[in-house]
Amino acid sequence: MLQPVTLPSGLVTTNGLVKVAMYEHMASLFGGLPNAQHFSLYNLWSQGGWGMIMTGNVQVSGDHLSLGRDMIIPETITSGTLRYYRVLACAMRPAVDQYAAKNEDRSTSPRTLVIMQLSHAGRQSPIVLGGRPLSVPALAPSALGLGRSLPGGWFARLTYKIGFPIPRAMDLHDIDYVVHRFVLSAKLANEAGFDGIELHASHGCKSVILGILTCGQDVTVFVDLLAQFISPKVMVSWHANIVSIYLYFRATYETMPTALTMLRCIYFNGS
């Protein structure tokens, strides 16, 4: 655990300790670039002796946020966009790694790896806070509303219906666009100095909000689009299963053609 770990990509971490992705809720309302609060927070984390540090979710689509204050990859990427993410990547590195990065090639030397988590909330993105007008539904593999099979009384069902309207099932055009956004975001992460990305494709997590609405019952939901696409609970049609395979493999293997997929992470290999 405390010894250097060599990844299949050739990168070497200082140890096996990982600061996993956690939602910061620090960006501007309706999403924004990393700011001084992010830089200060990750600078503190960089002093913790981690082998790897991951950001919270960085949304590839500004109209599918989670709780309204997500970091996002803007529709148009400028030099200013790149500059903010470069500062974030630098803040995540311990001082010794920042100095070494300027003076030598440490691609195969032990260091703290900095990883950007890329995400798309899919049907878990609420109205308004999710960055969309009231009349625009979220995108999802199937037109199945969130909370349709979860426990709870009339108040919980009403909250689901208002906060998370029935999503629109994605077609191949929607999928192509989402894949394009993942690819664009991964390239930005690479150019900004991150060592790799994590595709947010977890099998689910326990939701505090949904737990309250269901009177404390144990609630697990599929919280991002990639997880929704590989969930039999979300995909119920032949069409959904076909497009799910299409999206999952394209998002995984086209996000970074020169990268290695491992444990939901993709590490840049320097080429």
* Can you find a residue in the stretch 147-162 that is surrounded by 13 or more Cβ atoms within 10 Å (Cβ to Cβ) and closer than 22 Å to Ile72 by Cβ? -> no
* Structure fact -> Within the stretch 82-97, residues being under 18 Å from Asn190 (Cβ atoms) and either of a type outside the set (Ser, Thr, Tyr) or at pLDDT below 95 (or both) number 11
* **Pick from the stretch 41-68, criterion touching a residue at least 24 places away in the same chain (Cβ under 8 Å) and assigned to a helix (DSSP H, G or I), ranking: surrounded by the fewest Cβ atoms within 10 Å (Cβ to Cβ)** => Gln47
* Considering only the stretch 107-134, state which residues are modelled with pLDDT of 90 or more, in a loop (DSSP other than H, G, I, E, B) and small (Gly, Ala, Ser). => Ala121, Ser125, Gly130, Gly131
* With respect to Gly80, is the statement that it is in a helix (DSSP H, G or I), of a type outside the set (D, E, K, R) and under 30 Å from Val136 (Cα atoms) true? -> yes
* To do: Could you please let me know if Val5 is crowded, with 21+ Cβ neighbours inside 10 Å and either in contact with an Asp or Glu (Cβ under 9 Å, 6 or more places away or on another chain) or farther than 30 Å from Pro126 by Cα (or both)?
  => no
* Asked: Do you know which residues across the stretch 8-40 are surrounded by fewer than 19 Cβ atoms within 10 Å (Cβ to Cβ) and polar (S, T, N, Q)?
  -> Asn15, Ser28, Asn35, Gln37, Ser40
* Structure fact -> (1) over 15 Å from Arg123 (Cα atoms); (2) modelled with pLDDT under 80; (3) not in a loop (DSSP other than H, G, I, E, B) all hold for Leu210 apart from (1)
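The values are calculated or read from the model by the stated rules, or taken from the named source; none is laboratory data. Keep in mind it's a predicted model, so treat the numbers as computed, not measured. In this analysis, Cβ positions are derived from the backbone assuming ideal geometry, glycine residues included, and neighbour counts consider all displayed protein chains.
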